[in-house]
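Beneath this line is the structure, given in structure tokens, with notes to follow.
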Amino acid sequence: MDTLKLLWDGFAVAFSLKNMLWALAGVTLGTMVGILPGIGPALTVALLLPVTFGRDPVGSFIMFAGIYYGGMYGGSTTAILLNTPGESASIITALEGNLMARRGRGGAALATAAIGSFVAGTLATAGLTFLAPALVRVALRFGPAEYFALMVLAFTTVTSLLGGSLVKGLTSLLFGMALGLVGIDLQTGQARYTLGMLEMLDGIDVVIVAVGLFAVGEALYAASQLARGAPEVVAVRGSIWMNREEWRRSWPAWIRGGLLGFPLGALPAGGAEIPTFLSYSLERRLSRHRDEFGRGAIEGVAGPEAANNAAAAGVLVPLLTLGIPTSATAAIMLAAFQQFGLQPGPLLFQNNPELVWGMIASLYLGNAMLLVLNLPLVGLWVRLLTVPQPLLYGGILVFATLGVYSLSNSLVDLMTLLVIGLVGFAMRRMDVPVAPAVIGLILGPLAEQQLRRALAISQGDFTVFFTRPISATLLALALIALAGPALARIVAARRRKSRVAAM
Amino acid sequence: METPLPEQRSNPGGPSLPPQEGRRAPDAGRDSRGVLFTGDLLLALGVLGLAAFLFAGALNIRVSPSYAHIGPRFFPFLVSGGLGACGLALLAQAARRAPAKSGSLEERPAASGKPPVVGDAPKPAVYWPSVAIVAAALAGQFLLMERAGFVVASALLFWAVAFAFGSRRYGRDILVGIGLAFVVYVVFTRLLGLHLPGGMLTTMLR
């Protein structure tokens, strides 16, 4: 029971007054920006990165973890009351939750989302606590070939499962990887794609890209869509507490959502989007009130929202144990680790147990804080939804330029921000997902390093990736992830055709 | 307001809501398949251009002859090759959508029985003036940050963005902008110890 001892030590770290304040700051900020329409936890962590640089890493990561969890809670409030899901994982919550709110059960929808997030989040954090050390033991045996294969798998799942079009997802990923090429090659010291600018030798900071794509690109897109007007906020009417019937219908959905979300988030399977969809169809199939689906069924909020939060905790498993981010927020967190000179992976658990276990323990604490912040105080947060759009985007861009400028007090960074923002606007307009670009930027250089290391060890022999069993398995999985959806579509089409022919 | 409203979620091309707070209402829904095609074509060409740029750049990376293993050029070639392939695929998709043949395009997605592709629906028109103002405001932040100082530059940015988003309460916007920029400046430089260009405030606050 080594794990429990480590977790206990982690609680000792998390429960120090200073770190509890960091956690509180994190969950409050996370809820706040999660509620603001149009910005998510990835952007918040990116904007706060320069601020925490040079400070205590333990406190900073406890705060980042709080922002991460808080953003999930806040996002559900926006989805229910405004029907504008801030991230793809709350689309389902917006579906049934907003209908509930319109029927006057907005309070119950908010309550089942918050309590479900707490239940599933805590379950999944427990899963993280016990799965992570086991995975660390496996990961210690990984060599560069295995790491490279793992990253290829992450690339394919992220691009084929996020968003609608495989080609557009791949384009976004490769665009991020291209940005990652800029700067000095770590192995040979050669400058690449610096356009002769000294400022580019260090590469393009992930903060600039994330803020450019998420804040500037988003603001430009919102400006281009003015005609559609601001979405309407549904007022919370009636009791915010659930009645007995609603409790009875909610709790099995929470548990099922949690059990569905955590493993799918922990596999590098493209974050929290898939499990919420699966949970929704599962609840719909199991419900005795199937007719209510599409008119505001509480199971349709409870299950997906629980799955969403459990998957968010699951994403931390590959991030912490292998250093592989599978969502945009995880990619920024990885960049945060790098800024502190830390590399997530099995060695982090050995060398920085205080940091890792303090952060994991703070997740339990943060979940409890979020329950309090989001249930009795929800009325306060709802007011944020009424901030007029002009002031909201004005503020977002002031903070965006501030965060980027304070990276290194360089005007070149501000120019780069504008250029990447314009690219982000074009991507948004053309339905190219932006999250793969952020993941590619972070993971691309790491993948290149592992590839070249593996080939240096094998003396340039490419078969090394296929002769080592773990690496070969991972690459096979990657191929399935890439070809699977397309194959399934072909098979389905053929089956439909044969059925038509049979008739 | 008591009656439940019909769902308004993402109805591209649908009737736009009445303008609020002095907003101008551009003609949404003007977009047609032709515009969509142009966008797809531009995207494909942009991706191909980036691939070509990366390829040319990769040729210019110097490789020391003593370095035996795969060098700094390999990965750039890989990325540019991948982008080139994506660009060609996008080009093929755009060509399939070209608005040439007998105007029967509106019926095609339904007739072919294929599952609808995300992004196939016509998008509402872009309101370019607002986009241009926001972009110009950001360029202004770049030009003014070190000349006029953070507070002045940020207040102007805030005001211009609010204007682009349809606000016409100039006085309120500039006051909120100055207040926000000032508070942020004090918190970041005094409490968090970051350096921000003060401009004229450096002498005032001393």
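Derivation of every value follows stated rules applied to the coordinates shown; laboratory data play no part. No experiment lies behind these values; they were computed from the predicted model shown. When we count neighbours, we look across all protein chains shown, and the Cβ atoms used for this are built from the backbone with ideal geometry, even at glycine.
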In whole angstrom, how far apart do the alpha carbon centroids of the range A:412-447 and the range A:113-140 sit? 30
Taking Rh as the Kirkwood radius computed over alpha-carbon pairs of the range A:351-439 and applying Stokes-Einstein at 25 °C with viscosity 0.890 mPa s, one gets a diffusion coefficient in µm² s⁻¹ of 143
Using all alpha carbons of the range A:1-88, what is the percent of pairwise distances in each 5 Å bin, ordered from the shortest bin to the longest? 3, 16, 21, 19, 15, 12, 9, 4, 1, 0
Length added when fully stretched, A:Asn243-A:Thr473, from 0.36 nm per residue minus Cα-Cα: 77.9 nm
Per-residue average of other protein chain Cβ atoms inside 10 Å, peptide B:142-155 -> 3
Per q in 0.17 Å⁻¹, report the Debye log10 I(q)/I(0) for the range B:128-204, using one uniform scatterer on each alpha carbon and no solvent. -0.65
Each residue of B:156-167 has, on average, a number of other protein chain C-beta atoms within 10 Å of its C-beta equal to 6
Within chain A, what is the longest stretch that has no chymotrypsin sites (Phe, Trp or Tyr not before Pro) placed in a DSSP loop and near at most 13 other beta-carbon atoms within 10 Å? A:1-240
Return a whole-number percent for the relative contact order of the range A:2-502, with Cα pairs under 8 Å and 6 or more residues apart as the contact set. 28
Across peptide A:173-182, what mean number of C-beta atoms from other chains lies inside 10 Å of a residue's C-beta? 6
Going residue by residue through the range B:171-176, the Karplus relation 6.51 cos²θ - 1.76 cosθ + 1.60 with θ = phi - 60° gives ³J(HN,Hα) values, rounded to whole Hz and with x marking Gly or Pro, of x, 4, 4, 6, 5, 4
Dividing the alpha-carbon radius of gyration of the range A:282-341 by 2.2 N^0.38 Å (N being the number of residues), what value is obtained? 1.65
Project the alpha carbons of the range A:206-347 onto their principal axes and report the range along each, largest first, in whole Å. 51, 46, 25
Semi-axes, largest first, in whole Å: what does sqrt of 5 times each Cα gyration tensor eigenvalue give for chain A? 34, 27, 25
Using amide H atoms built 1.01 Å from N in the peptide plane, name the residues 5+ places from A:Ile184, or on other chains, whose amide H lies under 5 Å from its own. A:Arg192, A:Gly203
Cβ density ranking, 10 Å radius, fewest first, applied to A:His289, B:His195 yields B:His195, A:His289
